[in-house]
Amino acid sequence: MADDNVKDDDVDANDVVVNKGNSVVKIILIVVLVIVLIVASIGATLFFAGVIGGEKKLQDVAVEQSEETEKPEKKGKIKKEPVYYAFDPAFVVNFNDGKSIRYLQLTLEIMTYNALVVDDVEKHMPVIRNNLIMMLSNLNYEVINTVAGKRKLQDEALTEIKSILLEKTGKEGVEEVYFTGFVMQ
C-alpha cells in the first residue's frame, strides 16, 4: 500500500505541474487574444472614422459638396439646401404717420443657397443695417399696416441688400428676405 500511495502522490504532483503549465499557456493565449481584439477594434474605429485609409474619400466628398453649392442645378437632380441668417439685433425705428410718432420693431432674416454669402453679409453689415434703417424710417404707416405693404417692404429690403452686396462684392447672393418679427406701435 505504501507503493500505491507513492504512485498516487507522484501522479498528483505531475498533474499539478501539467495543470500549472496549461494554466500559464491559457493565460498567455487569453492575454494575446485580448490584445489582438483591442488592436482590431481601435483599427476599425479609426478606419470608419476616416482617420486611416479614408482620407482620400473624405477629401473627395468635401470637394464634391463644395462643387455642388457652386454649380447650377442640373435637371433637378441636385437639391440645394437653403442657408438662413438672422439679423441681430432687431431693427427698431421711429417714423411719423402725420399725427404722431410711431415705432417699428422688425426682425429680419435672409435666405441664400451659398454659405459664403453669409460671410459677405456679415462683413458689410454696417452698410446694410444703415441703409435698411434709413429705408424703414421713411415708411408710411397706412401702407405697411397691410399685407401687401409688408410684402412690398420685403421686396424693397431684398433689393437694397442685393444692391449693397453687388456693389461691395460683385455678386448678389441673397434669394429671399423674411420678416420673423413685426411690431408696430
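The values are calculated or read from the model by the stated rules, or taken from the named source; none is laboratory data. Bear in mind that the values here come from a model prediction, so they are computed numbers and not experimental data. Don't worry about glycine lacking a Cβ; one is built from the backbone with ideal geometry, like all the others, and counts go over all protein chains shown.
Numbers for the structure displayed
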| item | result |
| --- | --- |
| Checklist (1) of a type outside the set (Val, Ile, Thr); (2) touching a helix residue (DSSP H, G or I) at 6+ places or on another chain (Cβ under 9 Å); (3) over 16 Å from Thr180 (Cα atoms); (4) at pLDDT 90 or above applied to Lys152, failing item | (3) |
| Filtered residues of the stretch 163-185 (kept if hydroxyl-bearing (Ser, Thr, Tyr) and either exposed (fewer than 14 other Cβ atoms within 10 Å of the Cβ) or not in a helix (DSSP H, G or I) (or both)) | Ser163, Tyr178, Thr180 |
| Test result for Glu160, surrounded by 16 or more Cβ atoms within 10 Å (Cβ to Cβ), charged (D, E, K, R) and over 14 Å from Met184 (Cα atoms) | yes |
| All positions within the stretch 158-172 that are within 12 Å of Val121 (Cα to Cα) and in contact with a strand residue (DSSP E or B) (Cβ under 6 Å, 6 or more places away or on another chain) | Ile161, Lys162 |
| Those residues of the stretch 126-139 which are of a type outside the set (Lys, Arg), in contact (Cβ under 8 Å) with a residue 12 or more places away in the chain and in a helix (DSSP H, G or I), in sequence order | Val127, Ile128, Asn131, Leu132, Ile133, Met135, Leu136, Ser137 |
| Qualifying positions in the stretch 97-118 - among the β-branched types (Val, Ile, Thr), assigned to a strand (DSSP E or B) and in contact with a helix residue (DSSP H, G or I) (Cβ under 8 Å, 6 or more places away or on another chain) | Ile110, Thr112 |
| In the stretch 146-157, the residues that are surrounded by 13 or more Cβ atoms within 10 Å (Cβ to Cβ) and under 18 Å from Arg102 (Cα atoms) | Gly149, Lys150, Leu153 |
